[in-house]
Amino acid sequence: MGRIQIKSQDPQGSLQSLNQAYSLAVQVDNQEQKATSLHLMAVAYRMLSKPDEVVRNEQEALTIWRSIGQKKGMD
């Protein structure tokens, strides 16, 4: 849902869905989904002109992707 809201130019609205997705990923220990949620939050924050949040979320996503050996999200 968060991805659709971003594509619909509703970055603020996407953050609730993305935070829910992140929380669920934490509960079930799904590292790939945690990183993807963080990356999408960074996209939303970029659209909202919040550079500190962009950097924080992207760095955390990259750390997770590196730790699980995921190359896809690192491009």
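The values are calculated or read from the model by the stated rules, or taken from the named source; none is laboratory data. The structure presented is a predicted model; accordingly, all values stated were derived computationally and were not measured. Glycine also receives a Cβ, built like all others from the backbone with ideal geometry; neighbour counts cover every protein chain displayed. For the accessible areas, the whole protein counts, side chains as well, though only heavy atoms, and no ligand, DNA or RNA atoms are used. Shrake-Rupley method; radii C 1.70, N 1.55, O 1.52, S 1.80 Å.
Estimate the FRET efficiency between residue 60 and residue 9 by the formula 1/(1 + (r/R0)^6), using the beta-carbon distance for r and 30 Å for R0, to the nearest 0.05.
0.75
For the chain, evaluate the Debye formula with one uniform point scatterer on each Cα (no solvent term) and list log10 I(q)/I(0) at q = 0.21, 0.26 Å⁻¹, rounded to two decimals.
Rounded to two decimals, the profile gives -0.86, -1.19.
Output the 0 to 90 degree angle, nearest 10, between the alpha-carbon long axis of helix 11-27 and the longest principal axis computed from the alpha carbons of the chain.
Its long axis makes an angle of about 20 degrees.
What percent does the relative contact order of the chain come to when contacts are Cα pairs within less than 8 Å and at least six residues apart?
27
For the chain, what is the accessible area per residue in Å² when the probe is 1.4 Å? If you can, show how the numbers build up before the last one.
Details: 4860 Å² over 75 residues.
For the chain, the solvent-accessible area averages 65 Å² per residue.
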